[in-house]
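Below is one structure, written out as structure tokens; the observations come after it.
The values are calculated or read from the model by the stated rules, or taken from the named source; none is laboratory data. Computed from a prediction, not measured in an experiment: that's the story for all the values here. Neighbour counts run over all protein chains shown; Cβ positions are idealised from the backbone, glycine included. Each accessible area value is taken on the protein alone, full model and side chains, heavy atoms only, with ligands, DNA and RNA left out. Shrake-Rupley method; radii C 1.70, N 1.55, O 1.52, S 1.80 Å.
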Amino acid sequence: KSIAITDHGVVQAFPEANKVADGLDIKVIYGVEAYMVPDDEIPEGEEGWKKIKPYHAIILTKTQEGLRNLYELISISHIQYYHKRPRILQSVFDKYREGLILGSACEQGELYKAILNNKPEEKIEKIVNYYDYLEIQPLGNDEFMIRDGTVPDQEALKNINRKIVELGEKFGKPVVATCDVHFMDPQDEVYRRILMAGQGFSDCDNQAPLYLRTTEE
């Protein structure tokens, strides 16, 4: 009955999504998968700024004001803070947060990385409190971390998801199961494989199952 549109760093899909959804009687939740940079992690000087790796975060709109604020954030991220990707400083997000919902995103998100890297519990709790909802995703999405040795096995991935659920329960944050959808059906992975090969990804033949699952799935 509803679907969130959260492309990486941009919102160009909104007009087409709106047009298609109207014909199918589906509610569109407008959003973006943002490249977020915590201000306290920015090193001194311009070179330090360029080297910092942003976290992923999901920003969803809940009001018309929120949609306007999202457009402001997208514009600022491209005009003022672009380096390889359009980045959003947390302090800038805080300024335009009214009408927006912030989610912790995928394994590239701030919370997931903090748990993965065994950050202190107080640091993790601070991160949890910054977000409006937390995310967990199918294990297949993160199996690349088993292949590259980041985690030992699938049980380790399950434990991270369990930890996120526990944190949601402890701090009263909704925990949402999402797909990180990049294509409609499982066989469509070939198109993403081609795109990633063109960008030089060495693991493009090991596609994660980022297809659109039903709510029950």
Spelling it out for residue 89: with amide H atoms placed in the peptide plane at 1.01 Å from N, the residues 5 or more places away or on another chain with amide H under 5 Å from its amide H are 37
Can you run phi through the Karplus equation (6.51, -1.76, 1.60; θ = phi - 60°) for region 76-89 and list ³J(HN,Hα) in whole Hz, with x for Gly and Pro? 4, 5, 7, 8, 9, 10, 7, 8, 6, 9, x, 9, 10, 6
Answer in debye to the nearest 20: the dipole magnitude of region 1-89 about its Cα centre, from +1 Lys/Arg and -1 Asp/Glu charges placed on Cβ, is 260 debye
When all protein chains stay in place, what accessible area (Å², nearest 10, 1.4 Å probe) is found for residue 130? 40 Å²
Over the chain, average the accessible area per residue using a 1.4 Å probe and give it in Å², no decimals. 58 Å²
Within the accessible area of region 139-184 (1.4 Å probe), percent carbon and sulfur: 53 percent
Ordered by residue, what ³J(HN,Hα) values in Hz, to whole numbers, does region 146-161 give under the Karplus form 6.51 cos²θ - 1.76 cosθ + 1.60, where θ = phi - 60° and Gly and Pro are x? 6, 4, 8, x, 5, 10, x, 7, 5, 4, 5, 5, 4, 5, 5, 4
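Can you bin region 98-160 into rounded, prolate or oblate? Criterion: square roots of the alpha carbon gyration tensor eigenvalues sorted a ≥ b ≥ c, rounded for a/c under 1.5, prolate for a/b above b/c, oblate for the rest. Intermediate results must be reported in sequence, preceding the final value.
Values: a/c = 2.83, a/b = 1.62, b/c = 1.74.
In terms of gyration-tensor shape, oblate.
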Order 126, 1 by their accessible area, 1.4 angstrom probe, all chains in place, largest first. 1, 126
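When DSSP beta bridges are limited to those with both residues in the chain, what percentage is antiparallel, rounded to the nearest 5?
45 percent
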So which trypsin sites (Lys or Arg not before Pro) in region 69-112 are both in a DSSP loop and have at most 10 other Cβ atoms within 10 Å of their Cβ? 84
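Roughly how big is the chain's charge dipole about its Cα centre, with Cβ charges of +1 (Lys, Arg) and -1 (Asp, Glu), in debye to the nearest 20?
So the dipole magnitude of the chain works out to roughly 320 debye.
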Would you pull out the residues with amide H under 5 Å of residue 175's amide H, same chain only if 5 or more places away, H placed 1.01 Å from N? 134
Given 123/173; 19/95; 53/113; 123/170; 27/173; 51/84, the pairs whose alpha carbons are separated by over 19 Å: 19/95; 27/173
Please list, ordered by chain and number, the residues whose modelled amide H lies under 5 Å from the amide H of residue 109; skip anything fewer than 5 residues away on the same chain. 56
Which is farthest toward the positive dipole end of the chain among 160, 2, 211, measuring Cα position about the Cα centre, with Cβ charges +1 (Lys, Arg) and -1 (Asp, Glu)? 2
